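Written below as structure tokens is the structure these notes are about.
The values are calculated or read from the model by the stated rules, or taken from the named source; none is laboratory data. Since the structure is predicted, the reported quantities are computational estimates derived from the model, not experimental observations. Note that each Cβ is placed from the backbone with ideal geometry, even for glycine, and that neighbours are counted across all protein chains shown. To get the accessible areas, we keep the full protein, side chains included, count just its heavy atoms, and leave off ligands, DNA and RNA. Shrake-Rupley method; radii C 1.70, N 1.55, O 1.52, S 1.80 Å.
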Amino acid sequence: MTTGMTTGLTTDRILDHCRTEWMFQDLPEKDVDDMLAELRDHLEDTARAGKTPEAVVGEDITAFATAWAAARRTPGRGGLPRRLAGHAYAGAAALLAGGHLVGWTTRTEVVPASVAALVLFVAVMTFTPYWRALFHWPLWRWIALCTGFSGVLLGLFLAGGRPVLLHVPLWATGLFVLPGALSTAASLARRR
């Protein structure tokens, strides 16, 4: 399926390939779900008419999915500054909360290595458009990713914990995490 050719593929495999491609394209989850439902309907109609999936998606699934994503994308949605800010907030919240939990302390220290780890996290999450598609990875890729990040974190740890840039008390971490927690709770409530 790496070539994107449709020969002999089932409807489910075509849908999975398109889902992954649209996640690589960083389309919103709702758009991906709508496009998959529409594509499933077209493929089922085509199968009932006795035609092959190529009648819908053509010879190359990847080209089909990419073209549809480009046509569906709306300009101006989810700009770079907003993504950078969101990823920086999530990374900083996880870093601070993790510092309290791992050290089991009411004060955590922000050191240059933790700032470097935060910058690395923000860069990976913001500038790799396929981060959402990672959920479809096989186990060996997850192991490689975890091993690579563990190596980077070990290097950052060995870089040292001095000088301390900032001491953050537990209550300040709670206040920092609160807006994100409330936003997530409100988003989950709206989905129900």
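Heavy-atom accessible area of R73 with all protein chains present, probe 1.4 Å, nearest 10 Å²?
About 100 Å², rounded to the nearest 10.
If each residue of separation counts as 0.36 nm, what is the full-extension length gain between T147 and R72 once their alpha-carbon separation is subtracted?
On the way: separation 75, 0.36 × 75 = 27.00 nm, distance 3.65 nm.
Between T147 and R72, full extension yields an extra 23.4 nm.
What FRET efficiency would be calculated for the residue pair K51, A97, taking the C-beta separation as r and a Förster radius of 35 Å, to the nearest 0.05? Don't jump to the answer; show the numbers that get you there.
Details: r = 54 Å, r/R0 = 1.53.
So the FRET efficiency works out to roughly 0.05.
Using a simple charge model, +1 on the beta-carbon of Lys and Arg, -1 on the beta-carbon of Asp and Glu, nothing else, what dipole does the stretch 40-114 show about its Cα centre, in debye to the nearest 20?
Values: 9 positive and 7 negative charges, 84 e Å.
Here the stretch 40-114 has a charge dipole of around 400 debye.
What does the charge count near H167 come to, summing +1 for each Lys or Arg and -1 for each Asp or Glu among other residues with Cβ under 15 Å from its Cβ?
On the way: positive: R107, R162; negative: E109.
Neighbourhood net charge equals +1.
What is the spin-label model distance, in nm, from E29 to R192 if the labels are put 7 Å beyond Cα along the C-beta direction?
1.6 nm
Which of rounded, prolate or oblate describes the stretch 16-70 when judged by the alpha-carbon gyration tensor and an a/c cut-off of 1.5? Don't jump to the answer; show the numbers that get you there.
Details: a/c = 2.93, a/b = 1.62, b/c = 1.81.
Since a/c reaches 1.5 but b/c is at least a/b, the shape of the stretch 16-70 is classed as oblate.
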